[in-house]
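Notes for the one structure printed next.
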Amino acid sequence: MGERISFVVPAEMKKALEELQRLTGEDKSTLLRALIDKGLAETKMDIAADRYVKGKASLGKASEVAGVSLWEFLDELRRRNVGLKYSMADAEEEIARALSRRKG
């Protein structure tokens, strides 16, 4: 079982949540968990893409931050029209990661 968290939402947000509940048929807790999960995933992807673009993370590390496979991260970069910055160090890191997965 999870931990209970409570917070206050503005009236407009409450109305939007009620509308989503009506449209989806989900109870409030299930709907909120799904929305938070989606928001967390999108935020992690935004942070990962930003770190990659700024050169603060390699392709492999950025995909780990995003919590997705390298291929999913590459697809997301393409959707965002981000060019690849793939160095020899990135290639070596990816090869080492692939080999370690194969052994483990």
Distance between modelled label sites at E72 and E26, nm, 7 Å Cα→Cβ extension: 1.7 nm
In order through the stretch 47-53: 3J(HN,Hα) via Karplus (6.51 cos²θ - 1.76 cosθ + 1.60), integer Hz, x for Gly, Pro: 5, 4, 4, 5, 5, 5, 4
Neighbourhood charge, 13 Å Cβ-Cβ cut-off, centred on D46 and excluding it, Lys, Arg +1 and Asp, Glu -1: +3
Cα-projected label distance for R80 with R101, points at 7 Å along beta-carbon direction, nm: 2.0 nm
Backbone HN-Hα couplings from phi across the stretch 38-45 [Karplus 6.51/-1.76/1.60, Hz, Gly and Pro as x]: 5, x, 5, 4, 5, 5, 4, 5
Among E12, E42, E94, residue whose mean-square fluctuation peaks in a GNM of the chain (springs only between Cα atoms under 10 Å): E12
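Set the Förster distance to 30 Å, then compute FRET efficiency between K61 and L35 from the Cβ-Cβ distance, nearest 0.05. Please report the intermediate quantities before stating the final value.
Working: r = 28 Å, r/R0 = 0.92.
So, using R0 = 30 Å, E works out to roughly 0.60.
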Value of [θ]222 nm, deg cm²/dmol, for the chain, DSSP H segments ≥ 4, -39500 (n - 2.57) each, nearest 500: -23000 deg cm²/dmol
P(r) histogram, all alpha-carbon pairs of the chain included - 10 Å bins from 0, percent: 13, 33, 22, 21, 11, 1
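All of the numbers you see were taken from the coordinates with simple rules; none came from a lab. This structure is a prediction, so every number in the text was calculated from the model and none was measured. Counting neighbours? That spans all protein chains shown, and the Cβs are built from the backbone with ideal geometry, glycine included.
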